[in-house]
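A short write-up of the structure that comes next.
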Amino acid sequence: MVYLAGLVGLVLILTAEARVGNSSESRFCTESKECLLYDLVCKNDDYEVRHYESVKWVSTDEEAYFMDMATYTAFRRLFNYITGSNKAGVNIDMTAPVTVKIEEKKKTWGSSVFTLSFLLPSTHQMTPPQPTDDKVYFTEMPDMKVYVRSYGGWMMSLTSSVNSMLLKRQLDKVQATYNKDYHYAVGYDSPKKILNRHNEVWYIVEGEPVCPTSS
């Protein structure tokens, strides 16, 4: 029984490492040791569909009128967590990407709650150090397929909004079904990187993904 329990634990660890892997396996992750990996389901000129396995993140919420305002405060909070402000007092490697969950039904002039998340590295996927800040918590992203639109430059409120609108337009054109309550703004690069930046917009697939050769 002890042997079996140990074997199960080993399998779970290997599974976690398979979802969060070496950045050399991704063309987007150029500054971190580890990156969120995925399986490509299909792709066309407008977007792609990816499959992500369930994985653990460290997250925090911030209410603001614009994503830029929220992420400034939220990023510092999570950065403190990975640089020792946790109950174990350990430093945790930065990974990629960073995601921002954005409510879709935001009033034009109203504030909104933005959820910023850092991907936990493979060594901390099973038992991450507990936060000391009660505004920091863990989230388990489910096994899911997502529609993805990629773009360069800087991930800001305006660029993220424009690209989410363009992706929605493309999905609606082919009658794809997706979660319309929220989407993710996804960034892969630190502010130090100037050229060849990579950002994405994600919408969660509902039902069977639609990915025609040309939309």
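The values are calculated or read from the model by the stated rules, or taken from the named source; none is laboratory data. This is a predicted model, so every value here is computed, not measured. In this analysis, Cβ positions are derived from the backbone assuming ideal geometry, glycine residues included, and neighbour counts consider all displayed protein chains. Surface areas here come from the heavy atoms of the whole protein model, side chains and all, with no ligands, DNA or RNA. Shrake-Rupley method; radii C 1.70, N 1.55, O 1.52, S 1.80 Å.
A compact table of results
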quantity	calculated
Any hit, the stretch 96-105, residues being within 15 Å of the chain's Cα centre (by Cα) and open to solvent by 30 Å² or more (accessible area, probe 1.4 Å)	yes
Options 117, 157, 112, 190: the member that is under 15 Å from the mean Cα position of the chain (by Cα), of a type in the set (Gly, Ala, Ser) and surrounded by 15 or more Cβ atoms within 10 Å (Cβ to Cβ)	117
Some residue of the stretch 175-182 being open to solvent by less than 50 Å² (accessible area, probe 1.4 Å), of a type in the set (A, V, I, L, M) and out of contact with any strand residue (DSSP E or B) (no Cβ under 6 Å at 6 or more places or on another chain)	yes
Of all residues in the stretch 27-72 being free of Cβ contacts under 8 Å to residues at least 60 places away in the same chain and in a loop (DSSP other than H, G, I, E, B), the one that is most open to solvent (accessible area, probe 1.4 Å)	27
Set 115, 127, 123: member being within 23 Å of residue 80 (Cβ to Cβ), hydroxyl-bearing (Ser, Thr, Tyr) and in contact with a strand residue (DSSP E or B) (Cβ under 6 Å, 6 or more places away or on another chain)	115
Among residues of the stretch 193-208, those that are open to solvent by 10 Å² or more (accessible area, probe 1.4 Å) and in contact (Cβ under 8 Å) with a residue 40 or more places away in the chain, counted	6
Extreme residue, farthest from residue 204 (Cα to Cα), among residues of the stretch 127-154 that are open to solvent by less than 40 Å² (accessible area, probe 1.4 Å) and without any contact (Cβ under 8 Å) to a residue 60 or more places away in the chain	129
Complete set of residues in the stretch 160-204 that are farther than 22 Å from residue 44 by Cβ and either among the β-branched types (Val, Ile, Thr) or assigned to a strand (DSSP E or B) (or both)	182, 187, 194
Meets criteria (among the polar types (S, T, N, Q), in contact with a Phe, Trp or Tyr (Cβ under 9 Å, 6 or more places away or on another chain) and without any contact (Cβ under 8 Å) to a residue 40 or more places away in the chain) for residue 163	yes
